[in-house]
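Presented below is the structure to which this report refers.
A short reminder: the numbers here are calculations on the coordinates, not readings from a lab. Just so it is clear, the structure is predicted and the values come from calculations on it, not from any experiment. Every residue, glycine as well, gets a Cβ built from its backbone with ideal geometry; the counts of neighbours run over all protein chains shown.
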Amino acid sequence: MRLVILDNYDLASEWAAKYICNRIIQFKPGQDRYFTLGLPTGSTPLGCYKKLIEYHKNGDLSFKYVKTFNMDEYVGLPRNHPESYHSYMWNNFFKHIDIDPNNAHILDGNAADLQAECDAFEKKIKEAGGIDLFVGGIGPDGHIAFNEPGSSLVSRTRLKTLAMDTILASAKYFDGDLSKVPTMALTVGVGTVMDAREVMLMVFQVMILITGAHKAFALYKAIEEGVNHMWTVSAFQQHPRTIFVCDEDATLELRVKTVKYFKVHHPRCSPLTSITHVKIVEKNVPDEQTG
Amino acid sequence: MRGGEGPSRAPVLQFTNCRLLRGGRLLREDLWVREGRILDPEKLFFDERRLADRQQDCGGCILAPGFIDVQINGGFGVDFSLATEDVGSGVALVARKILSHGVTAFCPTLVTSPPEVYHKVLPQIPVKRGGPHGAGVLGVHLEGPFISRQKRGAHPEAYVRSFEANAFHDVLATYGSLDNVCILTLAPELDRSHEVIQELTARGIRVSLGHSVADLRTAENAMQSGATFITHLFNAMLPFHHRDPGIVGLLTSDQVPPGRHIFYGMIADGIHTNPAALRIAHRAHPQGLVLVTDAVPALGLGNGRHTLGQQVVEVDGLSAYVAGTKTLCGSIAPMDTCVRHFLQTTGCSVESALESASLHPAQLLGLEKHKGSLDFGADADFVVLDDALHVQATYISGERVWQAEVAGQ
C-alpha cells in the first residue's frame, strides 16, 4: 500500500488527476488497446475530474481509447434526474471530454432485470480485459461504492439496499425529503474492485462541505486495523497495488508513526512519460512502486 | 415526422466555446442541434451513444434565442400597409434584411387603413417559416382602425372607426379575413369592445390595448375579457396619473386574472421613451416587457421623406416624424440597437435584456415551447452576439442565415 498525503483538497485532487493522466499516457492506448478506468461519483472526485478535463482541453490527454466503468447507480431514479449518477458523470466529466459514448459504462438502475444488469456489467468488464485502474473513495463507515458494513469482501456487482446513514447523508441532495431518496442501488462488489490491476482511493474533502476529518476514522480502520467486513475498504490490504490519496485531515486518526513513515517515502518525481508530457509531470508524480 | 421508431441519422451539430442563455442565466454550455431543433446532448450520449458530427467554435460569444419583433410596419422602403399586387415581395425583403439585426421571427404590422387595403393585403401575408430567405412570419399585427381618434398618433384620421354598430361583424367586414392575424390593437373604451375582445381571444388572436384614452377600470375589464398586451406603453395613451393610472396601471394592477400577467411593448430607441420612464416600467414589471421596434419603412434607409400608410414621413437621424409636424410616427432603430440601448438605460442584466426581445414576445404569442428559448426541443433559431451585444451571426433552424463581415476578409 502507498499512502500519499497532500496539504489540502486542491493539491490532493491535482495529484490524483496527474496520476490517472500519467497512467493513461504511459499505457499508450490505441485502437486495439484500450485503457480501462473504474470511476466514482460524489463530492470527493469533483476536483480531480476538473483537472482531468483541464488536461484534456490543453491537448495533453485524450479519452478516445479509454473505457470507463462507474461503480454504482441508484435504482429507480430516472436517468435524467439531476441526482442520478448518469447526470453526474455527464455534467462533471463526459460532456467535457472526447470519450466514445459506447465506452462509457454505467449500471442502469431502471433495468427490467436488475441482477441480469449486474451480471452483464461484470461480463463487460471481463470482455474489456479487466480494469487497469479503479478509482474510488471511502465512506465514513469505511464502505467502498455501496458495499456497506457487512458486505462480503468477495462480493460481485449486485443490488444493495442502502443503509439508513447513507440515506440520511444523501437527503440534502433530494430537497431534504427522505421519501425522495432512493433506497436501493446497484453497485460493484468489493471483489469486483479487488480484481482491478491497480486501485486508487481518494480520502479528502472540500473544506466548505465537510473536512477530511470526517473520513479519518474510516481510514484508520482501513489501514491500521485488520481486514474486516465491517470496514470493507480494509479488503485492499490484500490488493497488490493500492494507493490512498489523502489530505492532512484524513490522517487525523492515524498514528503519528504511520504518517511519518509514509511522508518520508513521499514520492519524488521520476517522469513516467516522454518529454512531450513533461509539463504535466511535476514533483509529486510517483515512480513505479508496488506493495 | 416518422412513426418515432429508431434514432434519426441526421447530422448533429455542436456549437462550442460559447455562453448560452438558458433558464434566465448565461451558462457555459455547448449548443447541440439536429434537424433544426435544439438537442439534449445527454440523451444523445446515453440513448444513442453518439457524438457530434460537426463542431463549430463560437469564439467565446453569447448565443441567445433569435429576437422576435411583434411590431414592425415595414422597412428598407417597404410599407406593409401599402396595397400593392405583390405585398409578398416586400415582406420577403424585410424578412431577409432584418436577419442582420438578429431578428428570426416577426409580425408584419398594418396601421389604420381603409377596408380595401386590408382585403387586398392580408391574404398576401401568410404565416411562414424562417430560413436562409429570411426571418419567419408569425402572423400579422393589426394596429387599428378600431382606436381612439384622439390618440391616433400618426394614423390617418379618415380611417379610424368603431365597432359599436355590429361589434365582431364590423371587425370581420373591415378586415375581410383574420386567418393570418396574430395580434390586434384596439381601444377598449370603444362601445362593445368586451364582445370583440372575447371573440378575438377565442380565435387565438392576442388582443392588445393601445391608441386609447381608457382609464384603468376600462383597461382592467378588457384584460379580464382576454386582452394580454399593451401596444407601445406610454405612447398614444393617457399619461400615468396617481389617481387613475390608466392603461399604464395594468403593470401593477391587482385585477389581473390569476396565472396570467400583462405583456407590454416598449420602443427602446432612446427617442420614444424617456430613460427614466423605461426604468420605471421595467422595475414595476420586468417579466412583461417586450422590446419592439415599431419600425417604419424608413428603417435602413437614409434621411429624407418616405411613405407610411396613407401619409408621408420625414426621417432625421434616429427620429421619424409625420412630415411637417413634431408627431413621432415610429422608430427606425433596428432591434439589436434597441436591445443594447435597453441594457444601457435600465442597467438590467444581459439575460433580462435578451429575454425581453426573445422569450417574452414568444410567451405573449403562446409560442414559448418552440421559440424564444434555447431549451431542448425548441427551434434552433438563435443569434450569436459579442459581449456588447452586437450581432455576429444569425441562425434559423440550425442553419446560418446571416453573418457579420470579418475585418480583413
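A few points about this structure:
- Calculated mean residue ellipticity, 222 nm, chain B: -5500 deg cm²/dmol, from DSSP H runs (n ≥ 4) at -39500 (n - 2.57) each, averaged per residue and rounded to 500.
- Remark on the range B:148-202: ratio of C-alpha radius of gyration to 2.2 N^0.38 Å is 1.12.
- Scattering curve values for the protein assembly as shown, log₁₀ I(q)/I(0), Debye with Cα scatterers, q = 0.06, 0.08, 0.11 Å⁻¹: -0.49, -0.74, -1.02
- Interchain or long-range residues, amide H under 5 Å from A:LEU39's placed H: A:PHE69, A:ASN70, A:MET71, A:VAL135
- Rounded to the nearest 20, the size of the Cβ-charge dipole of the range A:1-123 about its Cα centre is 540 debye, with Lys and Arg at +1 and Asp and Glu at -1.
- With q set to 0.15 Å⁻¹, the log10 of I(q)/I(0) for the range B:14-166, from the Debye formula over equal scatterers at the Cα positions, is -0.86.
- Stretching B:ALA202 away from B:ASN274 to a fully extended chain increases their span by 22.3 nm, per 0.36 nm per residue minus the current alpha-carbon distance.
- For B:TRP402, residues with placed amide H under 5 Å, excluding near neighbours: B:THR394
- Highest-fluctuation residue, A:GLY38, A:GLY136, A:GLY191 considered, GNM on chain A with Cα pairs under 10 Å: A:GLY191
- Taking A:THR258, A:THR251 and counting other C-beta atoms within 10 Å, the order from fewest to most: A:THR258, A:THR251
- Rounded to whole numbers, the Karplus 3J(HN,Hα) couplings from phi for the range B:347-360 are x, 6, 6, 4, 4, 5, 4, 5, 5, 5, 9, 9, 5, 5 Hz, using 6.51 cos²θ - 1.76 cosθ + 1.60 with θ = phi - 60°, and x at Gly and Pro.
- Those aspartates and glutamates that a straight Cα-Cα span of less than 19 Å connects to A:LYS51, excepting residues fewer than 8 apart in one chain: A:ASP7, A:ASP10, A:GLU14, A:ASP60, A:ASP98, A:ASP247, A:GLU282, B:GLU29
- Listed from fewest to most Cβ neighbours within 10 Å, the set A:SER151, A:SER87, B:SER177, B:SER81 follows the order B:SER177, A:SER87, A:SER151, B:SER81.
- Spatially, the range B:301-372 and the range A:114-134 are offset by 61 Å when compared through their Cα centroids.
- Rounded to the nearest 500, the helix-only mean residue ellipticity at 222 nm of chain A stands at -8500 deg cm²/dmol, with each DSSP H run of n ≥ 4 adding -39,500 (n - 2.57).
- Overall form of the range B:111-249 per C-alpha gyration tensor (a/c, 1.5; a/b vs b/c): prolate
- Those trypsin sites (Lys or Arg not before Pro) in the range B:367-409 that DSSP places in a loop and that have at most 12 other beta carbons within 10 Å: B:LYS369
- Pairs from the table (B:LYS120/B:LYS326; A:LYS18/A:LYS64; A:LYS50/A:LYS180; A:LYS123/A:LYS215; A:LYS18/A:LYS263) lying more than 25 angstrom apart at Cα are B:LYS120/B:LYS326; A:LYS50/A:LYS180; A:LYS123/A:LYS215.
- Viscosity 1.567 mPa s, temperature 4 °C, Stokes-Einstein D of the range A:82-233 from Kirkwood C-alpha radius, µm²/s: 77 µm²/s
- Simple Cβ-charge dipole of the protein assembly as shown, Lys/Arg +1 and Asp/Glu -1, about Cα centre, in debye nearest 20: 1140 debye
- Its alpha carbons give the range B:272-327 an Rg and a Dmax of 14.3, 38 Å.
- Potential extension, A:ASN92-A:THR183 segment - 0.36 nm per residue separation minus Cα distance: 30.4 nm
- Spacing of the two label points (7 Å from each Cα toward its C-beta) at A:ALA116 and B:GLU399, in nm: 4.5 nm
- Karplus-based coupling profile of the range B:177-190, in residue order and whole Hz: 9, 10, 4, 9, 9, 10, 9, 9, 9, 8, 9, x, 6, 5, with θ = phi - 60° in 6.51 cos²θ - 1.76 cosθ + 1.60 and x standing for Gly or Pro.
- Normalised alpha carbon radius of gyration of chain A [divisor 2.2 N^0.38 Å]: 0.95
- Listed residues B:THR346, B:VAL213, B:VAL181: farthest to the positive end of the dipole of the range B:65-365 (Cβ charges): B:THR346
- Along chain B, longest interval not containing exposed GluC sites (Glu not before Pro), exposed being DSSP loop plus at most 10 other Cβ atoms within 10 Å: B:86-404
- Whole-Hz Karplus values for the range B:241-253 come out as 10, 5, 9, 8, x, x, 4, 4, x, 4, 4, 10, 5 Hz, taken residue by residue from phi with 6.51 cos²θ - 1.76 cosθ + 1.60 and θ = phi - 60°; glycine and proline positions read x.
- Largest mean-square fluctuation among A:ALA222, A:ALA128, A:ALA250, in a Gaussian network model of chain A whose springs join Cα atoms under 10 Å apart, belongs to A:ALA128.
- Whole-number D in µm² s⁻¹ for the range B:11-74, Kirkwood Cα-pair radius fed into Stokes-Einstein, 20 °C, 1.002 mPa s: 163 µm²/s
- Taking all Cα-Cα distances within chain B, those exceeding 35 Å account for 25%.
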